[in-house]
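Trainee: Following this message is one structure expressed as structure tokens.
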Amino acid sequence: MKVLVPVKRVVDYNVKVRVKSDGTGVELSHVKMSMNPFDEIAVEEALRLKEAGIATEVVAVSIGPAQASETLRTALAMGADRGILVKTDATVEPLAVAKILKAVIAEEAPRLVILGKQAIDDDANQTGQMLAALLGWGQGTFASKVVIDGDAVLVTREIDGGAQTVRLALPAIVTTDLRLNEPRYASLPNIMKAKKKPIDEKSPDGYGVDVAPRLKVLTTAEPAGRKAGVKVGSVSELVAKLKDEAGVI
Amino acid sequence: MATLLLAEHDNKALNGVTAKALTAATALGAPVHVLVAGQDAKAVAEAAAALSGVDKVLLADDALYAHRLAEPLAALLVSLAGGYDAIVAPSTSMTKNVLPRVAALLDVMQVSDIIKVVSPDTFERPIYAGNAIQTVQSTDAKKVITVRTASFAATGAGGSAAVEAVGAQADPGVSSFVDESLAVSDRPELTAAKIIVSGGRAVGSKEKFGEVIEPLADVLGAAVGASRAAVDAGYAPNDWQVGQTGKVVAPELYVAIGISGAIQHLAGMKDSKVIVAINKDEEAPIFQVADYGLVGDLFAIVPELKSEIAKVKG
Ligand SMILES: Cc1cc2nc3c(=O)[nH]c(=O)nc-3n(C[C@H](O)[C@H](O)[C@H](O)COP(=O)(O)OP(=O)(O)OC[C@H]3O[C@@H](n4cnc5c(N)ncnc54)[C@H](O)[C@@H]3O)c2cc1C
Ligand SMILES: Cc1cc2nc3c(=O)[nH]c(=O)nc-3n(C[C@H](O)[C@H](O)[C@H](O)COP(=O)(O)OP(=O)(O)OC[C@H]3O[C@@H](n4cnc5c(N)ncnc54)[C@H](O)[C@@H]3O)c2cc1C
């Protein structure tokens, strides 16, 4: 069984992004970029399936600028077998990403695709569901447990109020939640080995996918700030403030 | 044409986030129809019909929708979409699962988690964990929108819409329900609570959550939240997580106990009306957003706070 893992290059989660003063977006030059944390979890899950003898090959794919190949190298260093870079400098929305991934899947024919539940830059939380829709496959989103069971996959999902388990016919789509696993760090020898693993380069045009955005970003602004309040000296002072000043208890 | 609002419920009761999303749906300017998809969910449909400004309630009552799996529910929404300019839903784990599937089937780019309706095609939404607010205009003929309910006030009662039955659509047949484990709690839900008491890594154990955090929540009639670190360590269940990748809340009062204030946590609570922080490190970033900060050991402060509040509440 082949497993496909889409990985996205995003601003590192430790970076506090700044809005550009002219309102055209956020400052992305000279900031540290990393693999979307949920995608690391997706790569890890695919590798565990391979180590368990269930997956035969793990293929990572990224859609983005030339530098997205660094993100693919990270996936390869973790243990993925090969990479596909669909190179574009354009802004690609989740719907366009899903269309490109559908075309990649038509060529690669994986039985399972594992994505992150959301990318921490746009926080759209859409791509996996859209891809499942375009393929007519079942979707196990926000997964905290994934068990392959013959021709099906059992996915335990984090939902409001608890957990839900669904059974999906393979091929299927899974998106990862935070507690599915703890991703491994790439070891130095594996980082060296990854340099020799193949990365195929493709383009959206080559797949015949129109990536023209459907959403027009008019402005990007700083959120309304919150000013720091006061430090109180004691519990009784706090209770008095909450009661008399804030009126919330 | 009209706007279709997908209701959030548990087959028995309409979830309060629906009335908040209704406020956003109404702001689009067209009549609003509410879709209740469930099993034995008549009471839910009646509750939706009683909300002010609802024009009509569609009830799809069928075993196929008992657990609102994405595949059959998306098929139902797509079958209805022809009659609507916009499909709107409160942002919940259910709608986050199903709405992008609907959007892709309609070849529409969804607008996720809107916090403001600027005009019927233009919306504000947070990106980068709320560190930037984007104003986006959708060029799609049909809009598919999820609503961050913490940003909208609930629409009140006062409606008397008709409830109309709609038939089930064929099951795409790629998914089935296996089981569900839902926490039962007498406390209010995080997304509906007026007061939230949250604990972080510093609480130290599940037992301490029960001994220190939960009693304070109970005297306040509050919901209990947690940081990701506390959830990852197993001190609190997954769905208590507040933050960028957990729940986004905006209660009247948010009490952060032993939480440092990482941007991912702030993303989930910084729109709360009043924030109280209790932390032993006076430099902790949480104090930068707190209205009232108390520096000290939570294990000494929180029990004292509980008894002081109990006294005030008489
Ligand atoms: C330099 C640059 C600037 C951009 N600026 C903007 C902007 O200002 N406004 C804007 O709206 N968009 C912008 N985008 C596009 C945006 O970052 C996303 O690619 C797109 O919107 C997908 O949204 P998401 O990642 O939130 O999707 P989600 O649905 O949250 O992503 C879920 C999962 O889908 C997969 N996935 C998503 N995208 C990719 C990808 N490209 N390659 C491989 N897997 C992927 C991953 O597994 C990910 O975890 C920009 C992109 C680039 C490269
Ligand atoms: C992709 C991604 C998504 C994430 N999403 C979320 C999210 O949704 N929500 C979230 O919360 N986090 C999220 N995080 C994690 C986030 O970055 C932080 O790691 C986390 O919020 C820290 O939790 P904490 O404040 O409980 O722990 P810590 O940062 O360890 O803080 C503990 C605090 O307790 C204080 N303390 C210690 N002992 C005492 C005592 N006796 N009395 C009083 N105070 C004490 C310390 O001074 C410290 O400030 C995410 C991270 C990533 C990478």
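Trainee: Where does helix B:93-105 land angle-wise versus the long Cα axis of chain B, in degrees 0 to 90, nearest 10?
Mentor: Approximately 40 degrees, to the nearest 10.
Trainee: Using only helices, what value at 222 nm comes out for chain B when you add -39,500 (n - 2.57) per DSSP H run of length 4 or more and divide by the total residues, to the nearest 500 deg cm²/dmol?
Mentor: That calculation yields -7000 deg cm²/dmol at 222 nm.
Trainee: To make sure I understand, if each residue's beta carbon is the centre and we count other beta carbons within 10 Å, what order do B:Val108, A:Val155, A:Val232 fall in, fewest to most? Don't jump to the answer; show the numbers that get you there.
Mentor: On the way: B:Val108 24, A:Val155 27, A:Val232 19.
Going from sparsest to densest Cβ surroundings: A:Val232, B:Val108, A:Val155.
Trainee: In what order do A:Met192, A:Met130 fall by count of nearby beta-carbon atoms within 10 Å, going from fewest to most?
Mentor: In order of increasing Cβ crowding within 10 Å: A:Met192, A:Met130.
Trainee: Let me ask something else. Express the C-alpha Rg of chain A as a ratio against the empirical globular expectation 2.2 N^0.38 Å, rounded to two decimals.
Mentor: 1.18
Trainee: What net charge is computed for the residues neighbouring B:Glu8, neighbours being all others with C-beta under 12 Å from the C-beta of B:Glu8, Lys and Arg scored +1, Asp and Glu -1?
Mentor: 0
Trainee: A further question on this structure: Looking at the square roots a ≥ b ≥ c of the eigenvalues of the Cα gyration tensor of region B:187-244, which shape do they give, rounded for a/c under 1.5, prolate if a/b is larger than b/c, or oblate?
Mentor: Verdict is oblate for region B:187-244.
Trainee: Helix-only mean residue ellipticity at 222 nm, chain A, DSSP H runs n ≥ 4 weighted -39,500 (n - 2.57), per residue, nearest 500. What is it?
Mentor: -7500 deg cm²/dmol
Trainee: Continuing with this model, one more query. In debye, nearest 20, what is the charge dipole magnitude of the protein assembly as shown about its Cα centre with +1 on Lys and Arg Cβ and -1 on Asp and Glu Cβ, if you could check? Walk me through the numbers before you get to the answer.
Mentor: Numbers: 58 positive and 67 negative charges, 178 e Å.
So the dipole magnitude of the protein assembly as shown works out to roughly 860 debye.
Trainee: Give me the compactness ratio for the protein assembly as shown, meaning the Cα radius of gyration over 2.2 N^0.38 Å.
Mentor: Normalised by 2.2 N^0.38 Å, the Cα Rg of the protein assembly as shown equals 0.96.
Trainee: Let me ask something additional. Taking a quarter of the surface of the convex hull around the Cα atoms of region A:111-249, what do you get in nm²?
Mentor: Quarter of the Cα hull surface area: 16.7 nm².
Trainee: Tell me whether region B:17-71 comes out rounded, prolate or oblate; compute the Cα gyration tensor, take square roots of the eigenvalues as a ≥ b ≥ c, and use a/c under 1.5 as the rounded threshold. Walk me through the intermediate numbers first.
Mentor: Details: a/c = 2.40, a/b = 1.77, b/c = 1.35.
It comes out prolate by the Cα gyration axes.
Trainee: Beyond 25 Å between alpha-carbons counts as too far, so tell me which of B:Lys96/B:Lys206; A:Lys99/A:Lys202; A:Lys216/B:Lys273; B:Lys194/B:Lys270; A:Lys20/A:Lys117 fall in that bin.
Mentor: From the list (B:Lys96/B:Lys206; A:Lys99/A:Lys202; A:Lys216/B:Lys273; B:Lys194/B:Lys270; A:Lys20/A:Lys117), the Cα-Cα distance tops 25 Å for B:Lys96/B:Lys206; A:Lys216/B:Lys273; A:Lys20/A:Lys117.
Trainee: Let me ask something else about it. Of B:His9, A:His30, how do they rank once you tally other Cβ atoms within 10 Å and put the fewest first?
Mentor: Ranked by crowding around the Cβ, least crowded first: A:His30, B:His9.
Trainee: Residue by residue through B:178-188, how many Cβ atoms from other chains fall within 10 Å of the Cβ on average?
Mentor: Mean partner-chain Cβ count within 10 Å for B:178-188: 4.
Trainee: On to the next question. Shape verdict for region B:2-165, please, from the Cα gyration tensor: rounded (a/c under 1.5), prolate (a/b greater than b/c) or oblate.
Mentor: prolate
Computed from the coordinates by the stated procedures, all read-outs in this text should not be read as laboratory data. No experiment lies behind these values; they were computed from the predicted model shown. So basically every Cβ, Gly included, is an ideal-geometry build from the backbone, and we count neighbours across all protein chains shown.
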